[in-house]
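First the structure, in the form of structure tokens, and then the observations on it.
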Amino acid sequence: MEEIFNNFVADATSSDFFAGGLALGGFGVIAAYLRIVLMAAYRFVLRRVWVSLTLDNRSAAYRFFLIWMEANGVLARAKHVRMTDGRWTRGTKGYAPAPGRHWFFRDGKLCRLDRSLSEKSKVGDTYDPRPMEVLHITMLFGRIDTVLGWIAQGRKIADRKDRIGPGLHILKGDYWDSVGDIPRRSVDTVLVDDNRVTDLLADMRWFYGARDWYAQRGVPWRRGYLLYGPPGTGKSSLIRALASEMSLDIASLDVGRATLTDDDLREAMMCAPEKSLIAIEDIDAMFKQRDSGEKRSGISFSGLLNAIDGVAAQEGRALVMTTNHRERLDPALIRPGRADVHMELGLIGAATAQRLFQRFFPDHLDLGDRFCRALGDRRFSPAEVQSWLLAQSNDAQEASMATGLLQAPVAIAAE
């Protein structure tokens, strides 16, 4: 057998055809190996000489980058553009680079912008979805901090050009959707009978400036606020006013949403937008559902507590919860460390209601006294007073008589 095999090898190697095939096969193997090595080297070099950043239109940074490009004329010579929806690119002239690849020079660096759209992937509100848009920015021999700096410049331009008040972010699925700005509001417009609102603002100012104070004492940099009182007393208005005065955004969480899980809530709290306060309105709605015994998906009570002050809980953002019924809340939720400051927004008396009257009718200050006397000792929610004044906005005389307010059922102040 061995002799037969040796004879076969001898005959094969003496054949020019076999030798050529063997050489060709060997050459192919070597070529394939070299190709793998060269591609690996090419990718290695690319990763060393190019830096890249990817953005999509679920992020506010997407808009800031578009604004920066327009403000700096980065693609002024671009011959392919696409008209955009002004809701998502406010601050621009209504167009953006067309899908595809664009080249530009910036700060002495060669840069490339790749923009893609996916009609199949939708983002935004369920009733008004928009296509997913992705920007991929790369820079030759650059630094990622440079691109992040461009985005920061775009944010400053946006704030200067079109910011009308706090930015509103709403949790949509697994990301925070920036839905735009809401009008700025002063704390002076939140009606109370004493200085509790300004005291609360001072406390929140202290918190946002106390990072080092917390660190020196080894305490988590967290602070919770509970606003409670009857409907129409200004709880939501106060959240907007606090954010306005502090130049913060509002990250609004609906903890009663059936599709929200404990993991979603924890990650949302951890990844809430910077320079924002987290608002959970009508927190008692969760307790209604829990007490009703109905079977539903959603977060658990323990999941809510862990998201607020668990090991991985967020820091550096105030949490503001509101409720119409503090007595329905579990004591574990509103204890110190989770709700450090409790503030009631109650019904207002005649003197405070007079301030609102004077704001509506600045040319009829004399009628404000009559309005105050007409109300007497009755107390009303600010929403009731405002509704009456709006209805009589063209007739200061009629408004000062407070007829509609006095015919309303007697309001009882919350204990």
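Here Asp249, Asp193 are screened, and the one residue that is touching a strand residue (DSSP E or B) at 6+ places or on another chain (Cβ under 7 Å), of a type in the set (Asp, Glu), under 30 Å from Leu66 (Cβ atoms) and assigned by TED's automatic domain parsing to the domain that holds Leu304 is Asp249. Which condition number in (1) outside any loop (DSSP other than H, G, I, E, B); (2) within 12 Å of Tyr225 (Cβ to Cβ) is the one that Ile334 fails? All conditions are met except number (1). Here is the figure for region 382-405: residues that are surrounded by 18 or more Cβ atoms within 10 Å (Cβ to Cβ) and touching a residue at least 24 places away in the same chain (Cβ under 8 Å) total 10. Could you tell me which of the residues Arg48, Arg101, Arg77 is at pLDDT 85 or above and basic (Lys, Arg)? Answer to the selection: Arg101.
Taking region 313-334, which residues are aliphatic (A, V, I, L, M) and within 19 Å of the chain's Cα centre (by Cα)? Selection gives Ala313, Ala318, Leu319, Val320, Met321. Identify, from the list Arg223, Arg240, Arg217, the residue that is in contact with a helix residue (DSSP H, G or I) (Cβ under 7 Å, 6 or more places away or on another chain) and among the basic types (Lys, Arg). Going through Arg223, Arg240, Arg217 in turn, the sole match is Arg223.
The values are calculated or read from the model by the stated rules, or taken from the named source; none is laboratory data. What you see is a predicted model, and the numbers here were worked out from it, not measured in a lab. Cβ coordinates were reconstructed from backbone atoms using ideal geometry, including for glycine residues, and neighbour counts include every protein chain displayed.
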